[in-house]
Every structure is written in structure tokens, then in C-alpha cells.
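A.B. asks: This is the structure I have questions about; it appears just below.
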Amino acid sequence: MADRTGLTRVGLVDDDALVRAGLSMILGADPGIEVVGEAGDGSGAVELVHRHRPDVLLMDVRMPTMDGIAATKAVTALADHPAIIMLTTFDMDEYVFTALEAGASGFLLKDTPPTELIQAVHVVARGDAMLAPTVTRRMLSHFSQANPGSAPEPHAGLDTLTERETEVLGAVGAGLSNAQIGARLFMSEATVKAHVSKIFSKLDCTNRVQIAIIAHEAGLTAIDQPPA
């Protein structure tokens with residue numbers, strides 16, 4: 001979420017100084033974004049979060065000393081941690097999916113167009129879904145293929161959800177935004193946000209990607225169903 005100035009504070013973590021410079025130039029051109037700090041590896045990312053308290057971190061996957069996965073685990077273990085968007089050269093990089101499980105809010109290719117990069121930062125900063133339904137479907141399909149074998153045990157926290165929360169869980173798993181969920185389930189966006197917050201707490205999740213994985217494993221996503 002934005003600070004009192006209304007700006008979304010962003011930290012950049014990449015071992016390539018030219019990549020950081022390019023990202024800083026793109027994001028700095030948006031009047032609603034302030035780049036508050038940079039780091040060249042994962043250990044620097046943790047220090048960056050402590051020092052600058054960004055709302056969003058753009059994190060490279062592969063870095064020396066501490067890679068993006070280890071850094072994601074370290075950052076998401078902090079109280080009031082920022083949302084994390086992983087940056088990768090390959091859209092099917094297996095390390096990205098490990099990072100999503102670790103608590104990252106999504107991923108972007110490094111050649112993502114500037115307008116989409118800026119939009120992603122704003123979307124993640126407000127705690128909404130970053131992945132479009134088609135991307136979510138591909139991500140979940142890849143996740144399943146990467147973890148073959150018998151069907152996983154349903155998440156223990158599912159039994160604690162109300163019927164309405166279960167409906168919202170499935171919609172989040174399908175990659176819908178809060179506004180889209182509200183339209184589908186005839187609720188206000190504020191009510192949807194409250195349900196999502198309770199789901200985070202009951203399922204011990206830190207972001208919507210983790211919820212999507214749980215919903216997918218439980219067969220609740222119904223991705224191909226059109227909105228009501």
C-alpha cells in the first residue's frame with residue numbers, strides 16, 4: 001500500500017546494475033511510484049527492507065551470495081513485509097515457482113513492457129491479484145507437472161472456512177481480482193477484501209498465489225466458468 005504521500009515505495013534487487021538502472025528509469029517515470037532503494041543480492045534485499053520499508057520489491061531469481069528464493073523466504077518472514085515480484089528471463093523457470101511457494105506475489109519477465117511493469121507494481125501494492133487468469137492457469141498447470149504423484153492432501157485450514165469464504169477462495173484461485181469477485185458473487189469490493197483477509201489468516205498464507213495453489217489442489221478454482 002502507498003505511504004502518506006500517496007506514492008508506492010519500490011525496492012529493486014538484481015545483481016546487474018544496468019538492469020536496476022533500467023527498472024529505476026521505467027518506474028521513476030510514473031508519478032505514483034518512488035524507487036527508494038537498490039540491492040545487488042538477496043542479503044542486500046533484507047537490509048533494504050529494514051532500512052527503506054518499501055511496499056513492493058522487484059527481485060531477481062538468480063543472484064550471488066543469496067539468491068531470490070532464499071531472499072524471498074527471509075523477507076516474507078518479516079513483519080509487515082513488502083509484496084515481492086520475482087523477475088526472470090524464462091517464464092517457465094522452475095525456481096520461480098519455488099519462490100511463489102515461498103511467498104512471492106507473482107513473477108514478471110525481464111522484457112515485460114514498461115506499462116505492464118508499472119501496472120503490476122500498483123496491482124501488487126494494493127494486495128490484489130497480479131496474475132491474469134490465463135497466466136494463473138499456466139502457472140498452476142506447471143506447478144502440478146512439477147510435483148507429480150498422488151493428489152496432495154487438502155489444506156487443513158479449508159475446514160475452517162465458511163461457505164462464502166470457500167467461494168471467494170475458488171475465485172481468487174481462478175485469478176480474479178477483488179472487483180471481479182465482487183461482481184461474480186454480488187458483494188462489494190470491501191466485503192471481498194475482508195473475506196480474503198480472513199482466508200489469509202485461516203490458511204496461513206501471505207499472498208494470493210499461495211491461495212491459488214491451495215484452491216487448485218482442492219479442485220475449487222473452476223477457472224473456465226464465466227463470471228455470473
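A.B. asks: Give the range 15-59 a look and list any residue that's among the small types (Gly, Ala, Ser), more than 19 Å from ASP80 (Cα to Cα) and outside any strand (DSSP E or B), or say none.
C.D. replies: ALA17, ALA21, GLY22, SER24, GLY28, ALA29, GLY32, GLY40
A.B. asks: Within the range 22-62, which residues are among the hydrophobic types (A, V, I, L, M, F, W, C) and either without any contact (Cβ under 8 Å) to a residue 24 or more places away in the chain or farther than 21 Å from THR88 by Cα (or both)?
C.D. replies: Across the range 22-62, the qualifying residues are MET25, ALA29, ILE33, VAL36.
A.B. asks: Can you confirm whether ARG184 is among the basic types (Lys, Arg), open to solvent by less than 70 Å² (accessible area, probe 1.4 Å) and farther than 23 Å from THR98 by Cβ? Let's see the steps before the verdict.
C.D. replies: Details: among the basic types (Lys, Arg): yes; open to solvent by less than 70 Å² (accessible area, probe 1.4 Å): yes; farther than 23 Å from THR98 by Cβ: yes.
In short, yes.
A.B. asks: Would you please name the residue that is surrounded by the fewest Cβ atoms within 10 Å (Cβ to Cβ), looking only at residues in the range 17-54 that are at pLDDT below 95 and acidic (Asp, Glu)?
C.D. replies: Restricting to residues being at pLDDT below 95 and acidic (Asp, Glu), the top hit is GLU47.
A quick yes/no check of all residues on (1) in contact (Cβ under 8 Å) with a residue 40 or more places away in the chain; (2) closer than 22 Å to ILE85 by Cβ; (3) among the β-branched types (Val, Ile, Thr); (4) not in a loop (DSSP other than H, G, I, E, B):
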residue: VAL172; (1), (2), (3), (4): yes, yes, yes, yes
residue: LEU176; (1), (2), (3), (4): yes, yes, no, no
residue: GLN180; (1), (2), (3), (4): yes, yes, no, yes
residue: ALA183; (1), (2), (3), (4): yes, no, no, yes
residue: MET187; (1), (2), (3), (4): no, no, no, no
residue: ALA190; (1), (2), (3), (4): no, no, no, yes
residue: SER197; (1), (2), (3), (4): no, yes, no, yes
residue: PHE200; (1), (2), (3), (4): no, yes, no, yes
residue: CYS205; (1), (2), (3), (4): no, yes, no, no
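A.B. asks: Just to be sure, is LEU12 in contact (Cβ under 8 Å) with a residue 40 or more places away in the chain, surrounded by 19 or more Cβ atoms within 10 Å (Cβ to Cβ) and assigned to a helix (DSSP H, G or I)?
C.D. replies: no
A.B. asks: Right, next: Out of the residues in the range 80-111 that are open to solvent by 30 Å² or more (accessible area, probe 1.4 Å) and within 25 Å of HIS52 (Cβ to Cβ), which is modelled with the highest pLDDT?
C.D. replies: HIS81
The values are calculated or read from the model by the stated rules, or taken from the named source; none is laboratory data. Note that the structure is predicted; figures quoted are calculated from it, not measured. Cβ atoms come from the backbone with ideal geometry, glycine included; neighbour counts cover every protein chain shown. Ligands, DNA and RNA are stripped out before the accessible areas are found, and what is left, the full protein with its side chains, is counted by its heavy atoms. Shrake-Rupley method; radii C 1.70, N 1.55, O 1.52, S 1.80 Å.
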